[in-house]
Structure formats: structure tokens, C-alpha cells
1. Counting only pairs 8 or more residues apart or on different chains, how many lysine pairs in the chain have their Cα atoms under 16 Å apart?
2. Explain nothing, just the number: dipole magnitude of the stretch 3-155 about its Cα centre with +1 on each Lys and Arg Cβ and -1 on each Asp and Glu Cβ, in debye rounded to the nearest 20.
3. Helix hunt in the chain: which complete DSSP H runs extend at least 20 Å axially by C-alpha with mean Kyte-Doolittle at least -1.0?
4. What does the charge dipole of the stretch 1-70 about its Cα centre add up to, to the nearest 20 debye, if the Cβ of each Lys and Arg holds +1 and the Cβ of each Asp and Glu holds -1?
5. Here are a few candidate values for P(r) over Cα pairs in 5 Å bins from 0, in percent: (i) 2, 10, 18, 21, 20, 12, 8, 5, 3, 1, 0; (ii) 1, 7, 11, 13, 12, 11, 9, 6, 4, 4, 4, 3, 3, 3, 3, 3, 2, 1, 1, 0, 0; (iii) 2, 9, 17, 21, 20, 16, 10, 4, 1, 0. Which one was actually calculated from the structure I just gave you?
Amino acid sequence: MTETEAARRVREILTTIKPLTAEYYHLTGKPLGVTSEVAEAVTAEALGLELVPARTAGYDAIRRDGNDHEERIQIKGRAFGADAKPGQRLGQIKQAAACDTVLLVLLDNATSDLREIWQAPYTVVAKRLALPGSKARERGARGVREFKRLAFKVWPIG
């Protein structure tokens with residue numbers, strides 16, 4: 001299967017699964033458990049990133065510039081909606097990772113559609129995680145609101 005065929009097939013799978021995630025959320029009030037995968041795929045498409053193979057240590061995607069520079073990116077997805085609790089947390093941010101940037105990807109919990117993408121330099125996030133006094137930070141967990149304070153919005157623009 002070529003890369004183009006694989007990308008097309010991933011889009012087909014997402015088209016199929018997104019309505020199912022929305023229905024599951026509507027019925028149970030919980031995400032289906034594919035938020036990370038959906039977030040990675042829609043982010044790669046929206047920002048022109050190249051996803052790396054599963055289980056690559058420390059990052060999920062690469063962004064290349066015209067000079068063959070590679071930016072390694074961790075992607076953290078969260079299903080989020082109007083009724084979201086203010087204390088929602090992201091998944092664990094890998095510490096001491098071979099990573100340059102962390103993206104917070106917010107999906108609409110009712111549709112799994114992309115709502116927002118926030119970006120922060122990994123060094124800034126790692127510095128904040130290293131601060132003492134929080135068991136959640138020690139585990140690499142970040143609150144959505146706290147991450148946004150460290151980051152800037154990259155999608156949608158304007």
C-alpha cells in the first residue's frame with residue numbers, strides 16, 4: 001500500500017469512526033477511547049505533519065521545513081465540550097523525551113471534530129513539569145487550562 005493509499009484509508013476510517021465516537025459519548029457520557037488516534041490523524045492533516053510509527057519514543061509526528069530540519073512533536077488529544085469540567089487533564093506528557101514541541105488538540109466531544117490546536121515548546125512544558133509541589137505534575141499530567149497558559153493557539157488561526 002502506498003503512502004497516498006494509506007492516508008486515504010485513514011481518512012475513510014476516521015469518517016466511519018467519528019460518528020460512532022459521538023454516539024458512544026452521547027449514550028455513556030464518556031469518550032470511546034480512540035481520542036488520541038483521532039487527534040493525531042486530524043492534526044497531521046490540518047497542519048501537514050508526518051505521523052511516525054506507533055511506539056516511537058517521545059514523539060508522535062514530525063514537521064519538516066524546507067531545509068530538512070525536523071521538529072519532533074508530541075500530540076496530546078482531549079475530547080472537550082461546552083459542558084467540560086474546568087479541571088480536565090491531558091494524558092501524560094513524556095518527560096526527558098526526544099521532543100521539540102507539544103501540541104494540545106481539542107476535539108468536540110459530541111462530534112470528534114477538531115476544535116483547537118495549541119502549541120508549546122517542549123522545554124517550557126518540561127520546566128513546568130519539573131516544579132515541585134504537585135503529584136499530577138510529577139506524573140507528567142497537565143491541566144488543559146494550565147497548558148493553554150504555556151502555549152499559543154495554532155489552529156484555527158484568526
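Please treat every number below as a calculation from the coordinates, not as lab data. What you see is a predicted model, and the numbers here were worked out from it, not measured in a lab. Quick reminder, even Gly has a Cβ in these numbers, built from the backbone with ideal geometry, and neighbours come from all protein chains shown.
1. Value for the chain: 10.
2. Values: 25 positive and 20 negative charges, 191 e Å.
Computed about the Cα centre, the dipole is about 920 debye.
3. Details: long enough: 3-28 (36 Å, -0.47).
Long hydrophobic helices here: 3-28.
4. Details: 8 positive and 12 negative charges, 62 e Å.
Computed about the Cα centre, the dipole is about 300 debye.
5. Entry (iii).
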